[in-house]
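I have placed the structure first, in the form of structure tokens, so that the comments after it can refer back to it.
The values are calculated or read from the model by the stated rules, or taken from the named source; none is laboratory data. Given the structure is predicted, the values throughout are model-derived calculations rather than measurements. Note that each Cβ is placed from the backbone with ideal geometry, even for glycine, and that neighbours are counted across all protein chains shown. Just the protein is used for accessible areas: all its heavy atoms, side chains included, with ligands, DNA and RNA removed. Shrake-Rupley method; radii C 1.70, N 1.55, O 1.52, S 1.80 Å.
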Amino acid sequence: MEGGRKVVVSALQFSCTDDVPTNVSTAERLVRAAHGKGANIILIQELFEGYYFCQAQREDFFQRAKPYKGHPTVMRMQKLAKELGVVIPVSFFEEANNAHYNSIAIIDADGSDLGLYRKSHIPDGPGYQEKFYFNPGDTGFKVCTSNSICWDQWFPEAARAMVLQGAEILLYPTAIGSEPQDEGLDSREHWKRVMQGHAGANLVPLVASNRMGKEVIQTEHGKSEITFYGNSFIAGPAGEMVASANDKEEAVLVAEFDLANIKRKRHSWGIFRDRRPDLYKVLLTLDGSNPRT
């Protein structure tokens with residue numbers, strides 16, 4: 001029988017300023033704290049270098065993007081990962097010639113770069129106007145990353161695609177909070193339940209890291225404000241809540257999982273044995289009636 005393969009995962013949560021060095025230093029401090037708690041894989045929230053700028057459509061905000069190779073924050077996290085012996089997915093605004101992406105570089109425990117994931121599903125709504133800045137990702141879902149980003153987390157197809165390829169943990173860095181157009185809309189419980197469902201449906205642990213705190217951005221129509229609700233969490237392979245944060249405090253969540261034991265349970269449960277891909281061609285359509293050939 002396969003021996004135990006224990007891993008300790010961590011979700012970080014903090015409020016951002018709009019100063020890159022301050023935020024990167026905060027991220028490093030919390031990564032070190034997570035390492036001190038025994039974490040091997042440490043997830044930092046989405047676009048943590050500054051405010052969530054997608055509240056506004058502003059040309060000057062494209063100056064926040066930098067190329068993947070030689071990116072200063074990615075390189076700093078490479079040094080940190082090597083020093084501590086931990087895996088760190090690093091979210092950043094990527095410039096690639098005339099294209100721009102919401103991207104993650106996956107840094108291995110020896111400091112090497114395992115590859116790049118570019119966010120696949122790009123939202124466009126009040127306060128979350130990402131289509132103005134980001135091209136749809138072209139990397140597809142990769143096992144080496146096991147990562148999706150924010151809006152990706154609402155799509156069960158993405159989670160299943162990663163686990164089908166061998167992902168054993170799902171990681172979701174996030175920036176989500178209040179809705180500027182509707183003060184009464186609070187999506188936090190919906191947000192958590194959807195991802196808990198991904199964990200339970202695929203029998204894998206899941207880590208979600210979200211920022212918290214109020215951020216005000218000057219838009220073309222005046223000021224826009226979002227209060228990010230934190231609630232970062234770690235779910236187990238049955239979708240159970242293992243660790244969670246609140247909406248007001250900085251957090252370093254940790255949880256240990258035995259991946260070998262979870263693998264045996266996943267295989268014996270039969271959900272991958274009994275799949276019928278031949279019946280799922282409708283998933284290749286937009287309207288459910290005209291499968292692509």
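Under the condition of being over 11 Å from the mean Cα position of the chain (by Cα) and among the small types (G, A, S), which residue from region 163-186 is farthest from F93 (Cα to Cα)? Checked region 163-186; the qualifying residue farthest from F93 (Cα to Cα) is G184.
Within region 131-142, is there a residue that is surrounded by 19 or more Cβ atoms within 10 Å (Cβ to Cβ) and at pLDDT below 95? Yes; the residues of region 131-142 include at least one that is surrounded by 19 or more Cβ atoms within 10 Å (Cβ to Cβ) and at pLDDT below 95.
Candidates A158, A199: the one that is part of a helix (DSSP H, G or I), free of Cβ contacts under 8 Å to residues at least 60 places away in the same chain, crowded, with 16+ Cβ neighbours inside 10 Å and touching an Asp or Glu at 6+ places or on another chain (Cβ under 6 Å) is A158.
Among the conditions (1) within 16 Å of the chain's Cα centre (by Cα); (2) hydrophobic (A, V, I, L, M, F, W, C); (3) closer than 28 Å to G125 by Cβ, the only one that I226 does not satisfy is (1). Answer with yes or no whether R273 is in contact with a Phe, Trp or Tyr (Cβ under 9 Å, 6 or more places away or on another chain) and either closer than 20 Å to R160 by Cα or charged (D, E, K, R) (or both). No, not satisfied. Scoring Q218 on the criteria (1) open to solvent by less than 30 Å² (accessible area, probe 1.4 Å); (2) touching a residue at least 40 places away in the same chain (Cβ under 8 Å) leaves a single failure, condition (1). Scanning region 29-56 for residues that are buried (at least 18 other Cβ atoms within 10 Å of the Cβ), part of a helix (DSSP H, G or I), out of contact with any Gly (no Cβ under 7 Å at 6 or more places or on another chain) and not aromatic (F, W, Y) yields L30, V31, A34, H35, C54. The single condition from (1) over 24 Å from M212 (Cβ atoms); (2) of a type in the set (D, E, K, R); (3) touching a residue at least 12 places away in the same chain (Cβ under 8 Å) that K69 fails is (3).
Within region 57-82, if we keep just the residues that are in contact with a helix residue (DSSP H, G or I) (Cβ under 9 Å, 6 or more places away or on another chain) and open to solvent by 60 Å² or more (accessible area, probe 1.4 Å), the residue that is nearest to Q129 (Cα to Cα) turns out to be Q57. Tell me, please, whether a residue that is assigned to a helix (DSSP H, G or I), touching a strand residue (DSSP E or B) at 6+ places or on another chain (Cβ under 7 Å) and closer than 21 Å to N210 by Cα can be found in region 6-16. Taking every residue of region 6-16 in turn, none turns out to be assigned to a helix (DSSP H, G or I), touching a strand residue (DSSP E or B) at 6+ places or on another chain (Cβ under 7 Å) and closer than 21 Å to N210 by Cα. Scanning region 174-196 for residues that are in a strand (DSSP E or B) and in contact with a Phe, Trp or Tyr (Cβ under 6 Å, 6 or more places away or on another chain) gives a single hit, G177.
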